[in-house]
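What follows is a single structure, written as structure tokens, with notes after it.
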Amino acid sequence: MNNKFRYAAGQAIIGIAIFLLIYTYFFYNMYQPLPGLAESWGKALLLSLTAVLVGLLIELGRFWGQVLEVKINTDLLILQGWPAAVLSLVPEPLWLQAGAHTFPYIFFGDPVVTGISGVWLGVVLFRSIFTNKNVKEDVCNKKKE
């Protein structure tokens, strides 16, 4: 099978998976509400989970078809991972309980900030844990023969 076709097919699969994740969040947010306080916590947690998974899938798309190896980059995890984790994983109700409806707590609890930082966290997690493994040309040529 052609490498370009496999890459395009992989990108299509990742795009469909991202769309389905976002649609699932939208559907449960709009049409399956939970009663009372559980609704706001449920929406916030589902948004965080959806955003992080979307970020992981987006970053996986860059490495589609390459050999991956686990290689932890602690500097990236500390410098970008912690701020992204705080902004994306701490749910909106907790921010609003901590600071009422004052700035910067309303900013930190905003769903847009949670979503964007969740995608950022997913990208940072994938980049800091996995890297593409360089395969020597000799090994590739031997496999073709």
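The values are calculated or read from the model by the stated rules, or taken from the named source; none is laboratory data. Please read all numbers here as calculations on a predicted model, not as lab measurements. All Cβ positions, glycine included, derive from the backbone under ideal geometry; neighbour counts span all protein chains shown. Calculation scope for accessible area: heavy atoms of the full protein, side chains included, ligands and nucleic acids excluded. Shrake-Rupley method; radii C 1.70, N 1.55, O 1.52, S 1.80 Å.
Placing unit charges on the Cβ atoms only, positive for Lys and Arg and negative for Asp and Glu, gives the chain a dipole magnitude near 660 debye about its Cα centre.
Accessible surface area normalised per residue over the chain is 67 Å², counting heavy atoms of protein chains with a 1.4 Å rolling probe.
With the simple model of a label 7 Å out from the Cα in the direction of the Cβ, TYR23 to VAL70 spans 3.4 nm. Out of all Cα-Cα pairs in region 51-104, roughly what percent, to the nearest whole number, are more than 19 Å apart? Here the long-distance tail beyond 19 Å is 49 percent of all Cα pairs in region 51-104. Surface composition of region 1-96: carbon and sulfur make up 72 percent of the accessible area, probe 1.4 Å. Mean residue ellipticity at 222 nm, helices only, the chain: -23000 deg cm²/dmol; runs of at least 4 DSSP H residues each add -39,500 (n - 2.57), and the sum is divided by the number of residues. Within the set (1) -0.24, -0.30, -0.61, -1.45; (2) -0.50, -0.57, -0.81, -1.29; (3) -0.38, -0.46, -0.77, -1.25, the number that log10 I(q)/I(0) by the Debye sum over Cα atoms at q = 0.09, 0.10, 0.14, 0.21 Å⁻¹ takes when calculated for this structure is listed as (3).
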